[in-house]
Structure formats: structure tokens, C-alpha cells
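Single-structure report; data block below.
The values are calculated or read from the model by the stated rules, or taken from the named source; none is laboratory data. What you see is a predicted model; the values in this text were computed from it and never measured. For neighbour counting, all protein chains shown are included, and Cβ atoms are generated from backbone atoms with ideal geometry for every residue, glycine included.
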């Protein structure tokens, strides 16, 4: 296999994956990460070493609906080949959804204007079975209105230190939360988040607080006290990664990349 390519084209891919069998996105010595599996398949298909960058790393157990990566290659192949070729070599729980040849100025991380996550939570007295790993679980009843009131207090630019994991490597805890939407269909709750960027465990820690409020263990205004504390100990425990999906980044339309994944329609 040849070494790193020095010229050629830049290719962007949209990737979906079930995170349950992997130790997160980022490459590790164990090789049991989504990035390791993807790069192995791409390298075999391209017959040269392929190194990818991603729009947003995900933790162990977190799923991807439209992770975006890019890499450089000297090969001139049809875009559809970058879908079908790697998919023939990837594990069944990882798939390339689309491929686009993009300008060298494109960077999957730096060019993203926002990132989006979806949490699906099942409210039931009995734990999930068929949906195990694909949904979070609460057994206490949740109240929509108080969670919505709390969520609105997180919109805008804030210091999210209270929702930041101790291992977080972000240079600044200040992020701009653009949108939080909460809806319910039967036993399933959907929480959608969009921000310019997220801290490590930020959504899982916010979810812990929203669920405390939804279960009426805390009032809606408590979320402001947590924000103001700038102390991780002020917040609720980190919620399980089960049911958390990286919906993907948004880019300026001039890049010509898909914005939404039809896989979102398949969530409960």
C-alpha cells in the first residue's frame, strides 16, 4: 500500500453508524473505533493510506446519522465509487451515505457553521428491549412545558463550564446554543440540539438537567443557577449515551453538501 497522497482531490463523505460496538469515533490503538474501521476500508479501496478528519467526535455508544469527514487522494474516481467501494468493505453497522468532491478550501470541521444532535428517550416503567442502545430510558413521567422553559434559558451564548466533562480539551467553554426543540410521540421523547460547537459530554450533561426538571425534581429556573455556577458539580449526573445521535454539521450552501439525513425519519 502506498503512503499518504500529496496531490489530487479532496473528497467529503457523509457517514452513518451504530455506535454500540465501538469505543467512540476517534482512532485508538485497539482499532475498535468508527474512524479506524472507516480508514481501513478507504485505504483498501484506494490502495493508499487514507487519513480522515471529522466534523465532530462522538463518544462510545453514540450513533451517527450524518457524520461528515474529508480526506485527500490522488485518485480520480466517480463520486458513487466512494460510496459503493468502501461500503463493500465496511462492517454492516457503518455506511457511507454520500460522497462529494470538494474544493481544497473545504474543511469538514472548520467550515461547519453549526452541529446538531438528537436524543431519543423512552418514557416507560419497563426498560427498553428491542430499542436497547438506540434510546435512553426514564421511568418517571416527564412534563413537557417545564423542560421547554428550562431549555429556552440555554439559548444564546453562554459559558457552559457546568456541563463540561473534566477531560474536555476545548480551548473555551463559551458556546452559542442556537436551538433546542423538545417533542413527544407516544412513549418516545425527542430532544434536538443545535450549536456552533459542543463541549465534551455537554449534551449528556444538559440532558441530565432537563430530565431532572421534567421529572419535577428541580424547577425550570434551576438551569440558570447551574449555568451561573460554572461548576460541573452543580449539575445533574451525566445521562447515558444510549439514544444520542450526531445528526451532523451544517455548512454554507455554496459547498453543495447534503444538509439533512433521511435516517432522522427512522428514529422513534
Taking the stretch 130-151 as the region of interest, how many residues are in a strand (DSSP E or B) and either modelled with pLDDT of 95 or more or under 30 Å from residue 253 (Cβ atoms) (or both)?
-> 4
Name, by its number, the condition in (1) surrounded by fewer than 20 Cβ atoms within 10 Å (Cβ to Cβ); (2) touching a helix residue (DSSP H, G or I) at 6+ places or on another chain (Cβ under 7 Å); (3) modelled with pLDDT of 95 or more that does not hold for residue 99.
-> (1)
Lone unmet requirement of (1) more than 14 Å from residue 206 (Cα to Cα); (2) surrounded by 17 or more Cβ atoms within 10 Å (Cβ to Cβ) for residue 109 = (2)
Given the conditions (1) more than 22 Å from the chain's Cα centre (by Cα); (2) in a strand (DSSP E or B), report the number of the one that residue 127 does not fulfil.
-> (2)
Meets criteria (in contact (Cβ under 8 Å) with a residue 12 or more places away in the chain and loosely packed, with under 14 Cβ neighbours inside 10 Å) for residue 184 | yes
Quick check, is residue 33 crowded, with 19+ Cβ neighbours inside 10 Å, under 22 Å from the mean Cα position of the chain (by Cα) and either at pLDDT 95 or above or more than 19 Å from residue 96 (Cβ to Cβ) (or both)?
-> yes
Within the stretch 138-152, identify whether any single residue is crowded, with 20+ Cβ neighbours inside 10 Å, under 18 Å from residue 247 (Cβ atoms) and touching a residue at least 24 places away in the same chain (Cβ under 8 Å), and answer yes or no.
-> yes
Residue selected from the stretch 36-61 under the condition in a helix (DSSP H, G or I) and without any contact (Cβ under 8 Å) to a residue 24 or more places away in the chain, by the criterion surrounded by the fewest Cβ atoms within 10 Å (Cβ to Cβ) = 36
Would the stretch 168-180 turn up any residue that is touching a strand residue (DSSP E or B) at 6+ places or on another chain (Cβ under 8 Å), within 20 Å of residue 268 (Cβ to Cβ) and either assigned to a loop (DSSP other than H, G, I, E, B) or at pLDDT 95 or above (or both)?
-> yes
Of the conditions (1) in contact (Cβ under 8 Å) with a residue 24 or more places away in the chain; (2) closer than 21 Å to residue 170 by Cα; (3) more than 16 Å from the chain's Cα centre (by Cα), the single one that residue 28 does not satisfy is (1)
From the residues in the stretch 227-268 that are part of a helix (DSSP H, G or I) and within 14 Å of the chain's Cα centre (by Cα), which one is modelled with the lowest pLDDT?
-> 264
Scan the stretch 66-92 for residues that are closer than 21 Å to residue 20 by Cβ, touching a strand residue (DSSP E or B) at 6+ places or on another chain (Cβ under 6 Å) and surrounded by fewer than 20 Cβ atoms within 10 Å (Cβ to Cβ) and jot them down.
-> 87
Return yes when residue 107 is in contact with a strand residue (DSSP E or B) (Cβ under 8 Å, 6 or more places away or on another chain) and part of a loop (DSSP other than H, G, I, E, B) and no when it is not.
-> yes
